[in-house]
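Read the structure below first, then the notes.
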Amino acid sequence: MKKYKAMKAIFYGATLLLQLGLASCKEQFFEQTDDSYTHNSNAPFVISKFSPLEGSEATEVMIYGDNYSSALSDISVKINGKPVTVLGANKNRMIVKIPAALGSGKIEVTIAGKTVTSTEPFVYTLKRTVSSFAGAGVAGFSDGAADVARFDFRSNAGMDIDSKGNLYVADIFNNCIRKITPAGVVSTFIGKPGVEGYVNGNKDVALFNHPMDVAVDKDDNLYVADAWNWAVRKVTPEGLVSSIRGQAFAFPQGIAINKNTGVVYISSALAANYHGGKIYEFSASGVLNERGVDVPIFSGGMAVDSKGNLIIADNVSSVIYSVNTTTWARTPIAGAAGETGLTDGIGAVARFDHPWGIAVDAKDNIYVAGCGHRFEGPDISASASNIRMIEAGTNKVSTIAGGDTQGFTNGLGGVARFAVPTGIAIGTDGAIYVLDKGNHRIRKIVSE
């Protein structure tokens, strides 16, 4: 969300470009239609619509209508019965700024002693704030405090969180699994930086070759999609490494665990053209199956919800799917196959742009990290560097952080900027952690 460049009591000059709303992050033009319009008290005024329909603290809301006033002293606005600041107005539009802890409610505009109320309420959402959790912002390798640690995320990678709040990160080009404590201190949990290999054993000897994703089970064992070794590795909390079925997986890139059953699900980077989009299923008793759905899915990230469904971000089709792991029936949750973009809305109305990372919280809300490119292609769309939320039960998609441009900015969700986020994990306290690939950082999102 871009800050308004100039807002005075009366809008002088030409068109001002404003980007409004934490939820929508869409650009709109405030066109100065009358520099000095005076409200006609003998005629009614109306509220025709407002945009965005929802947002949190610092969201700027444009209210459209007729017979407003350029003199801000003529106007007062309340939402949910509470006063809000009017930043500017003319005959047909006014812009207001949402304060903290506003709550949801209808918009009331009062001019010259007359009040008009919107037909629909403005929905106040949680304020989300983005900060840097770990990483110096440049590719490399170093352990230590959050602001000096370095990662090498030159390719898509993922992460997960254990029961104690430690993050485990697939540091793909350093060939290591890194551990980040709740305080942001980074260490090398397993592997040797810059050394490729396939060696099992304790943490002093174990080697990996471009690990792409990790998942933690209920006992805090770590499972690693060791991509270039075509292997899935298991790491105990003490750091003892073993392999599941040897080098038996075609370029594993996504991994998820059903913590109730112990079943591990693995996706392959070669899914579309090597084995028909199948997903590997490895049971707690050691049985390996290849499962397929009716349409091949090129999965980036995967997660398991409370019902045992596999939630998949299809990187190629730009659709978020739920897969029943008993029948293997596929159900679209949000997005439309083959259509990309940044559009919030319900289910198929929403648009994603080649999503990758995915996580599910305790309430089965789904969080999606935008990737912006098909994994096999070099082009990256700027409109995907954001974090989206799919509300459980309604499939309502909203943008909770980031927007339609890449960059690096901390702050309120709509102000924050990311650069190709590919991993996401949810803490038990609801904090959202994002592997911000292009910025070589781990970011943290906390809610009001």
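The values are calculated or read from the model by the stated rules, or taken from the named source; none is laboratory data. Being a predicted model, the structure only gives us computed values, none of them experimental. Methodologically, a virtual Cβ is constructed for each residue, glycine included, from the backbone with ideal geometry; neighbour enumeration extends over all protein chains shown. All accessible areas refer to the heavy atoms of the entire protein, side chains included, with ligands and DNA or RNA removed. Shrake-Rupley method; radii C 1.70, N 1.55, O 1.52, S 1.80 Å.
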What are the ³J(HN,Hα) values, in whole Hz, obtained from phi via the Karplus relation 6.51 cos²θ - 1.76 cosθ + 1.60 with θ = phi - 60°, for each residue of segment 112-127 in sequence order, with x given for Gly and Pro? 6, x, 10, 10, 10, 10, 5, 7, 10, x, 7, 9, 7, 10, 4, 6
Would you mind classifying the chain by shape? Square roots of the alpha carbon gyration tensor eigenvalues, ordered a ≥ b ≥ c; an a/c under 1.5 is rounded, otherwise it is prolate if a/b is larger than b/c and oblate if not. prolate
Among 220-227, 249-256, 324-331, 92-99, how do they line up from the highest to the lowest mean number of other beta-carbon atoms within 10 Å? 249-256, 220-227, 92-99, 324-331
Cβ-defined net charge surrounding V295, 10 Å radius [Lys, Arg +1; Asp, Glu -1]: -1
Could you work out how much longer the chain between V138 and N410 gets when fully extended? Use 0.36 nm per residue separation minus the Cα distance between them, nm to one decimal. 96.3 nm
Stretch gain in nm, segment S104-D147, where the contour uses 0.36 nm per residue and the Cα spacing is subtracted: 11.7 nm
At 7 Å along Cα-to-Cβ for each site, give me the label-to-label distance between T327 and T181 in nm. 4.9 nm
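Restrict the search to segment 205-298; then list the GluC sites (Glu not before Pro) that DSSP places in a loop and that have at most 14 other Cβ atoms within 10 Å of their Cβ.
Working: sites: E238, E281, E290; in loops: E238.
Sparse-neighbourhood loop GluC sites (Glu not before Pro): E238.
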Using 0.36 nm times the number of residues separating A337 and W228, minus their current alpha carbon distance, what extension gain do you get? 36.3 nm
If amide hydrogens are placed 1.01 Å from N in the peptide plane, which non-local residues have theirs closer than 5 Å to the one on S142? R150
How many nm is it between the label spots at N221 and D74, if each spot is 7 Å from the Cα in line with the beta carbon? 7.2 nm
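At 1.4 Å probe size, with every protein chain present, just tell me what the per residue accessible area of segment 128-447 comes to in Å².
Per residue, segment 128-447 has 35 Å² of solvent-accessible surface.
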Of the accessible area of the chain, computed with a 1.4 Å probe and all protein chains kept, carbon and sulfur make up a percent value of 52 percent
Residues meeting the amide H criterion for N386 (H placed from the backbone, H to H distance under 5 Å, 5 or more places apart or on another chain) are G370
Return the distance in nm (one decimal) between the two label points of a simple spin-label model at L288 and T38, each offset 7 Å from Cα along Cα→Cβ. 8.3 nm
Theoretical ellipticity at 222 nm over the chain - DSSP helices of four or more residues, -39500 (n - 2.57) apiece, nearest 500: 0 deg cm²/dmol
